[in-house]
Amino acid sequence: HFNWRWVAFLNSDDDFGIDGLELFIERIKTINICLAYTKAFSENTDHSQIFKQIEAQKINVIVVFAPKLYAEAVIKNAIQLNVTNKMWIADDKWSLNKVLPKMEGIRSIGTVLGVAQPIVTIPGFDDFIYFTRGQGRKADTDQQTLCNQVCNCGNMTAGNIIAADPSFSFPVYSAVHAVARALHNILECEAGRCNDNISVEPYMHFNWRWVAFLNSDDDFGIDGLELFIERIKTINICLAYTKAFSENTDHSQIFKQIEAQKINVIVVFAPKLYAEAVIKNAIQLNVTNKVWIADDKWSLNKVLPKMEGIRSIGTVLGVAQPIVTIPGFDDFIYFTRGQGRKADTDQQTLCNQACNCGNMTAGNIISADPSFSFPVYSAVHAVARALHNILECEAGRCNDNISVEPYMEVGFYHFNPAPGFYINDTQVQWHTDGEVPIALCSPQCPTGFAKKQTGIHKCCFRCEMCPQETYANITGK
């Protein structure tokens, strides 16, 4: 809006700040904004070096993505260090802060622009707060049962809570309401009763958080890696190791890295020949007891199950296109094979490419990997239907006056019904004596301990005992 292209991003050194930075970097990829400087900080950071860097790089716009206390520390230090005439962008955690506008010297730092959640009147909120405050003594007694954590709320009156920063009320209400509605539906609740036989797992299906991703070094593999990284941003999965490879790659270094990082789950996103090379080398290098996730390019591979030693590598789980009977497909193949000689003569005209198909019989084609048939049929069918509509074809004739350019968008294909994803656990034969394999960088902290991240991965942490009269929040911090 204001054509600001040269900015600094200061974020708190916690999950909130780190996630904010990652999101910011992702958003500015497609627009002409340069992140000139970034720094993670805490309440006790020495801010003088931060502001020296900002001044040295002549940065006038500073995004501060941090909770209230962290942001107050930044602004307080900016005043003390005589940082002037800047543009400060405030996130919704401190944009409605009531302390900062009263700070002496606040006007000298420049202009503060903030974004905030809408202040919404929540029906029954005040009554609910007064009621729960009236239950204070009982809540203090039963808090371990009610909260599943130690929390001292006794010093907060109903008035304190209602008068608090209004930007907090709506997101908290929305989050609680969303979870409550979801649980209500999952647990099949009706008339105040729920189905006790349904269990709700807080993590994904097998709770695998620490994975490797091996992809072919072509467009297919690179696109797959990018899609995977995008998908895991919003869930608690860490990409511990990734490597692009070809058929001729020396796989020994790959597997050494995987073993060194104690990775038990390996996604192999590659065409058939590449994947065969990976699995063949895994057998030769004595890689054992892993879970291998196969994409639809090799999940129905007929060579791998017959490889000597294949059972030693662990468990292979694959996803595949549905095997669909295509009406008239076999008849079409037999007919085109019968036209084989003519097709060989006219192939440049018919195919617009040189292809030697003479050694493929109708039986070879029909018995090929069934996962290929449906997507090819779908793609051809979609283009054919689109061309049929564009060229206004009716009763076997089309409009010759309409030209179709190769760059035109000719159509799209609707999958109906929408694809679903289901895993039948009882059908999976695990290599770990029937137990689901573990794929974690660090095990969950026990009650009374908080996570302290180690390294760059949020899945890797050590557990530190909570100080007296404190508790670990929902993120484990």
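The values are calculated or read from the model by the stated rules, or taken from the named source; none is laboratory data. It should be emphasised that the depicted structure is a prediction, and the values quoted were computed from it without experimental measurement. As a convention, Cβ positions derive from the backbone with ideal geometry for all residues, glycine included, and neighbour counts pool all protein chains shown. SASA here: full protein model, heavy atoms, side chains in, ligands and nucleic acids out. Shrake-Rupley method; radii C 1.70, N 1.55, O 1.52, S 1.80 Å.
Some values worked out for this structure:
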{"quantity": "Residues satisfying the stated conditions in the range 25-59, i.e. part of a loop (DSSP other than H, G, I, E, B) and among the acidic types (Asp, Glu)", "calculated": "Glu43, Asp46"}
{"quantity": "Within the range 322-407, helices (runs of 4 or more DSSP H) holding 3 or more residues that are over 30 Å from Asp295 (Cβ atoms), modelled with pLDDT under 75 and of a type in the set (S, T, N, Q)", "calculated": "340-351"}
{"quantity": "Residues of the range 5-51 that turn out to be out of contact with any helix residue (DSSP H, G or I) (no Cβ under 9 Å at 6 or more places or on another chain), farther than 24 Å from Ile229 by Cβ and surrounded by 12 or more Cβ atoms within 10 Å (Cβ to Cβ), as a count", "calculated": "2"}
{"quantity": "Candidate set: the range 80-117, residues that are within 25 Å of Leu21 (Cα to Cα) and among the polar types (S, T, N, Q); chosen: the one most open to solvent (accessible area, probe 1.4 Å)", "calculated": "Asn85"}
{"quantity": "Count of residues meeting criterion [of a type outside the set (A, V, I, L, M, F, W, C) and either surrounded by 21 or more Cβ atoms within 10 Å (Cβ to Cβ) or under 23 Å from the mean Cα position of the chain (by Cα) (or both)] in the range 272-302", "calculated": "6"}
{"quantity": "Among (1) modelled with pLDDT of 85 or more; (2) among the charged types (D, E, K, R); (3) more than 18 Å from Pro437 (Cβ to Cβ); (4) under 27 Å from the mean Cα position of the chain (by Cα) - the single one Lys233 does not satisfy", "calculated": "(1)"}
{"quantity": "Ala66 being closer than 28 Å to Ile456 by Cα, small (Gly, Ala, Ser), free of Cβ contacts under 8 Å to residues at least 40 places away in the same chain and touching a strand residue (DSSP E or B) at 6+ places or on another chain (Cβ under 9 Å)", "calculated": "no"}
{"quantity": "Pick from the range 52-95, criterion among the acidic types (Asp, Glu) and in contact with a helix residue (DSSP H, G or I) (Cβ under 8 Å, 6 or more places away or on another chain), ranking: modelled with the lowest pLDDT", "calculated": "Asp92"}
{"quantity": "Search result, residues across the range 264-320 that are hydroxyl-bearing (Ser, Thr, Tyr), closer than 23 Å to Asp219 by Cβ and in contact with a His (Cβ under 7 Å, 6 or more places away or on another chain)", "calculated": "none"}
{"quantity": "Residue ID - nearest to Pro443 (Cα to Cα), chosen from residues in the range 203-230 that are under 12 Å from the mean Cα position of the chain (by Cα) and open to solvent by 80 Å² or more (accessible area, probe 1.4 Å)", "calculated": "Glu230"}
{"quantity": "Total residues in the range 452-467, condition open to solvent by less than 50 Å² (accessible area, probe 1.4 Å) and either assigned to a strand (DSSP E or B) or touching a Ser or Thr at 6+ places or on another chain (Cβ under 7 Å) (or both)", "calculated": "3"}
